[in-house]
1. Need the failing condition index for Thr172 against (1) under 12 Å from Pro64 (Cα atoms); (2) open to solvent by 10 Å² or more (accessible area, probe 1.4 Å); (3) part of a helix (DSSP H, G or I), just the number.
2. Could you figure out which of (1) within 14 Å of the chain's Cα centre (by Cα); (2) under 25 Å from Gln173 (Cβ atoms); (3) of a type in the set (D, E, K, R) isn't true of Arg70?
3. Of these, Ala143, Ala132, Ala54, Ala88, which one is within 21 Å of Pro1 (Cα to Cα), touching a residue at least 12 places away in the same chain (Cβ under 8 Å) and hydrophobic (A, V, I, L, M, F, W, C)?
4. Among the residues of segment 7-29, which ones are touching a residue at least 24 places away in the same chain (Cβ under 8 Å), in contact with a Lys or Arg (Cβ under 9 Å, 6 or more places away or on another chain) and surrounded by 12 or more Cβ atoms within 10 Å (Cβ to Cβ)?
5. Give the residues of segment 40-69 that are polar (S, T, N, Q) and more than 27 Å from Asp136 (Cβ to Cβ), sorted by residue number.
6. Within segment 153-169, can you find the residues that are open to solvent by 60 Å² or more (accessible area, probe 1.4 Å) and either touching a residue at least 40 places away in the same chain (Cβ under 8 Å) or closer than 20 Å to Asn77 by Cβ (or both)?
7. For segment 162-179: of the residues being among the polar types (S, T, N, Q) and out of contact with any Gly (no Cβ under 9 Å at 6 or more places or on another chain), which is farthest from Leu127 (Cα to Cα)?
8. Name the residues in segment 45-61 that are open to solvent by 10 Å² or more (accessible area, probe 1.4 Å) and under 16 Å from Ser29 (Cβ atoms), would you?
Amino acid sequence: PALQETDATLGIANPKDVRPGNTALALPSGLAMAAGFDPNMSEQLGEVLGREAAARGFNVLLGPGINLTREPRGGRNFEYFGEDPLLAGTLAGAMITGIQSQHVIATAKHFALNDQESGRDIMDVRLPENQARESDLLAFEIALARGRPGAVMCAYNKVGGIYACGNRQLLTQTLKEDW
């Protein structure tokens, strides 16, 4: 079927009231979920997201966000599951499982190293690969292994001078071959 996508994680989005009167349940932020340290609750919230998406005709959720909360001014910190890669990956993996249990595709995002919203189109993250694999990439690796999402969305920023969406090291070597 055609892909019908919507933003998610805190609830099913209805930007600019494109579906007049169509409201969705407001869910806790990723940071609130991280404070609870509860993968079962994260999976249950994923099930709620999946059910609400399906009821509105969506078959793809653009979430969960798996980036680490590293920049205190990060514009999407509320979406993410904190700064610890094990916790973030575990909770995101559980949410992915819950979403996909409702026959809705989960999209793990923003791959990778996208922890700042301001200037995201010009930001260039320069982090040695071994350090990235111990932090930000580890959260993704854990979430992808546990949840097996149907899709991954690349990030807006550059990584090592190359935009994440065109970064062969990230997309081909790390994501497709190593994992």
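1. Exception for Thr172: condition (1).
2. (1)
3. Within the list Ala143, Ala132, Ala54, Ala88, the selection yields Ala54.
4. If the condition is that a residue be touching a residue at least 24 places away in the same chain (Cβ under 8 Å), in contact with a Lys or Arg (Cβ under 9 Å, 6 or more places away or on another chain) and surrounded by 12 or more Cβ atoms within 10 Å (Cβ to Cβ), then Ile12, Arg19, Ala24 are the ones that fit.
5. Quick first cut of segment 40-69, residues polar (S, T, N, Q) only: 40, 42, 44, 59, 67, 69.
Matches in segment 40-69: Asn59 only.
6. First, pick out the residues of segment 153-169 that are open to solvent by 60 Å² or more (accessible area, probe 1.4 Å): 156, 162-163, 165, 168-169.
The answer is Tyr156, Gln169.
7. Thr172
8. The answer is Leu45, Val48.
The values are calculated or read from the model by the stated rules, or taken from the named source; none is laboratory data. Keep in mind it's a predicted model, so treat the numbers as computed, not measured. Cβ atoms come from the backbone with ideal geometry, glycine included; neighbour counts cover every protein chain shown. These accessible areas exclude ligands, DNA and RNA; they are computed on the full protein's heavy atoms, side chains included. Shrake-Rupley method; radii C 1.70, N 1.55, O 1.52, S 1.80 Å.
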